[in-house]
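Visitor: Got a structure for you, written out below as structure tokens; questions coming shortly.
The values are calculated or read from the model by the stated rules, or taken from the named source; none is laboratory data. Note that the coordinates shown come from a computational prediction; the quantities given were computed from them, not determined experimentally. Ideal geometry is used to build each Cβ from the backbone, glycine not excepted, and the neighbour counts take in all protein chains shown. Ligands, DNA and RNA are stripped out before the accessible areas are found, and what is left, the full protein with its side chains, is counted by its heavy atoms. Shrake-Rupley method; radii C 1.70, N 1.55, O 1.52, S 1.80 Å.
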Amino acid sequence: MTDRDRVSVCIPARNEESTVGELVAAVSEHPRVDEVLVLDHASTDTTAVRAQAAGARVVSADGVLPEFGPALGKGDVLWRSVHVSAGDLIVWLDADLRSYSPPYITRLLEPLQDDPSVALVRPDYPRTLNGRPDGGGRVTESTAKPALRSWHPHLAHIRQPLAGEYAIRRNAATEVPFEIDYGVEIGLLIDIADTYGVESIAQVQLPPRVHRNRPDDELTEPADQVRRTVLSRVGLGDSYTRPPLSSVAAQAASA
């Protein structure tokens, strides 16, 4: 990373009015951040208003690359955030994050600064659950990690494969497909490793993560999407992806 590399912090958000404003305001103060972008996914509350008031550039996810139709899920929103952001380096943060502090961004960027071969930086942190210091990451422990051990053992050492706080080089983000739903994080992990090598993925220690914990009955669908994505990468299931943005740009240029 050189002094001229720009950093975009992209925050996918849907009905997160209680946290998004404070998060945007704090992130905007980080000296390394050039752009804070909130991709609003059809919120029905004041998410967009609060994010803009706190200093973010707010973009409707449905309005980005509209030829692909409305955004269908988290991964689709992240894919569109790459297209509409300006940074050479992209940091994604979940909008319900309550434990943000500057090390989240500083440490996620460090491996990209130190080693040009690093394409993706994943976090490692304790995950809280309903006020307890551990017990979070239920889909990670019950679904993602066992699936990686079984089908992608070269990635079994990744400690938080589903975490929503991570960083990626733009040139890597534009060369891989994005699962449209909650399979996006584990899909990117597998695809970046396949494209650039396992050694292109770094892990950094972050402070404990506190966010809005979902009840157990809301985790079935994300778990199914994660499992489907893992199996799709070994030819055992369907993949629901947006194409690499590099191919979208090439098609637009030739049209």
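Visitor: Any residue that is within 19 Å of Asp181 (Cβ to Cβ) and of a type outside the set (A, V, I, L, M, F, W, C) - is there at least one of those in segment 15-25? I'd like the intermediate steps shown before the answer.
Guide: If we filter segment 15-25 for residues that are within 19 Å of Asp181 (Cβ to Cβ), which is where we start, we get 15-16.
From what's left, of a type outside the set (A, V, I, L, M, F, W, C): 15-16.
Yes; the residues of segment 15-25 include at least one that is within 19 Å of Asp181 (Cβ to Cβ) and of a type outside the set (A, V, I, L, M, F, W, C).
Visitor: A follow-up question, please. Return yes when Arg122 is open to solvent by 20 Å² or more (accessible area, probe 1.4 Å), modelled with pLDDT of 95 or more and touching a strand residue (DSSP E or B) at 6+ places or on another chain (Cβ under 7 Å) and no when it is not. Spell out how you get there, then give the answer.
Guide: Details: open to solvent by 20 Å² or more (accessible area, probe 1.4 Å): no; modelled with pLDDT of 95 or more: yes; touching a strand residue (DSSP E or B) at 6+ places or on another chain (Cβ under 7 Å): yes.
Considered against the rule, which asks whether it is open to solvent by 20 Å² or more (accessible area, probe 1.4 Å), modelled with pLDDT of 95 or more and touching a strand residue (DSSP E or B) at 6+ places or on another chain (Cβ under 7 Å), Arg122 comes out as no.
Visitor: Further question on the same structure: List pairs: first in segment 25-52 and on the phi < 0 side of the Ramachandran plot, second basic (Lys, Arg) and open to solvent by less than 20 Å² (accessible area, probe 1.4 Å), Cβ under 8 Å, 6+ apart or cross-chain?
Guide: Leu39/Arg80
Visitor: Has segment 56-68 got any residue that is part of a helix (DSSP H, G or I), within 20 Å of Ser28 (Cα to Cα) and not polar (S, T, N, Q)?
Guide: Applying the first criterion (part of a helix (DSSP H, G or I)) to segment 56-68 yields 61-63, 66-68.
Within this subset, residues satisfying the condition of being within 20 Å of Ser28 (Cα to Cα) are none.
Within segment 56-68, not a single residue is part of a helix (DSSP H, G or I), within 20 Å of Ser28 (Cα to Cα) and not polar (S, T, N, Q).
Visitor: Consider Val9 against the criteria (1) in a loop (DSSP other than H, G, I, E, B); (2) closer than 19 Å to Gln113 by Cβ; (3) in contact (Cβ under 8 Å) with a residue 24 or more places away in the chain; (4) not small (Gly, Ala, Ser): it satisfies all of them except one. Which criterion is unmet?
Guide: For Val9, the failing item is (1).
Visitor: Among Ser246, Ser150, which is within 18 Å of Asp76 (Cβ to Cβ) and more than 18 Å from the chain's Cα centre (by Cα)? Spell out the reasoning first.
Guide: Details: Ser150 fails: within 18 Å of Asp76 (Cβ to Cβ).
Step by step, each of Ser246, Ser150 is checked, and only Ser246 is within 18 Å of Asp76 (Cβ to Cβ) and more than 18 Å from the chain's Cα centre (by Cα).
Visitor: Filter segment 176-213 down to the residues that are open to solvent by 10 Å² or more (accessible area, probe 1.4 Å), touching a Lys or Arg at 6+ places or on another chain (Cβ under 6 Å) and in a strand (DSSP E or B) and list them by number.
Guide: Gln203, Val204, listed by residue number.
Visitor: Here's a follow-up. For Ala167, are the conditions met, namely being of a type outside the set (D, E, K, R), within 23 Å of Gln113 (Cα to Cα), under 14 Å from the mean Cα position of the chain (by Cα) and part of a strand (DSSP E or B)? It would help to see each step written out before you state the result.
Guide: Working: of a type outside the set (D, E, K, R): yes; within 23 Å of Gln113 (Cα to Cα): yes; under 14 Å from the mean Cα position of the chain (by Cα): yes; part of a strand (DSSP E or B): yes.
The answer is yes for Ala167.
The rows are residues; the columns are (1) open to solvent by 20 Å² or more (accessible area, probe 1.4 Å); (2) among the aliphatic types (A, V, I, L, M); (3) within 24 Å of His30 (Cβ to Cβ); (4) not in a helix (DSSP H, G or I).
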{"site": "Val49", "(1), (2), (3), (4)": "yes, yes, yes, no"}
{"site": "Gly75", "(1), (2), (3), (4)": "no, no, no, no"}
{"site": "Leu78", "(1), (2), (3), (4)": "no, yes, yes, no"}
{"site": "His83", "(1), (2), (3), (4)": "yes, no, yes, no"}
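Visitor: Select from segment 217-255 the residues that are hydroxyl-bearing (Ser, Thr, Tyr) and at pLDDT below 95 and write down the one among them that is nearest to Ile192 (Cα to Cα).
Guide: Let us first name the residues in segment 217-255 that are hydroxyl-bearing (Ser, Thr, Tyr), namely 220, 229, 232, 239-241, 246-247, 254.
Of the ones still in play, those that are also at pLDDT below 95 are 220, 239, 254.
Values: Thr220: 26, Ser239: 16, Ser254: 27 Å.
So, considering only residues that are hydroxyl-bearing (Ser, Thr, Tyr) and at pLDDT below 95, the one nearest to Ile192 (Cα to Cα) is Ser239.
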